[in-house]
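Report on one structure; see the data block that follows.
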Amino acid sequence: MPIVVDIDVMLARRKMPVGVLAERIGITPANLAVLKNGRAKAVRFTTLAALCEVLDCQPGDLLRWVPEDGEDSVFRGDARSQAG
């Protein structure tokens, strides 16, 4: 998946255990594990906001886009790929 979740990086920077983060943002440790391991298909903005508040960071510190090999530029909305 081209979206990489860097919650582990922020947890390490804050020296915070996963269980403490889960408790502070109000989700189960199992659901946090799904999110931090990149297995989630979606994240609620309220959860993302809670993560940012507790970890004192921006959404871009937690999520980043990495293109996959062979990914079509139409997917990215690149106008050049649509030109004839």
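Rule-based calculations on the coordinates, nothing more; no lab input. Bear in mind that the values here come from a model prediction, so they are computed numbers and not experimental data. Cβ coordinates were reconstructed from backbone atoms using ideal geometry, including for glycine residues, and neighbour counts include every protein chain displayed.
Below is a table of values for the structure above.
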| item | result |
| --- | --- |
| Dipole moment magnitude, nearest 20 debye, segment 3-65 about Cα centre, only Lys, Arg, Asp, Glu C-beta charged | 160 debye |
| Kirkwood Rh (inverse of mean 1/r, distinct Cα pairs), segment 3-65, angstrom | 11.4 Å |
| Cα centroid separation - segment 1-36 against segment 51-66, whole Å | 10 Å |
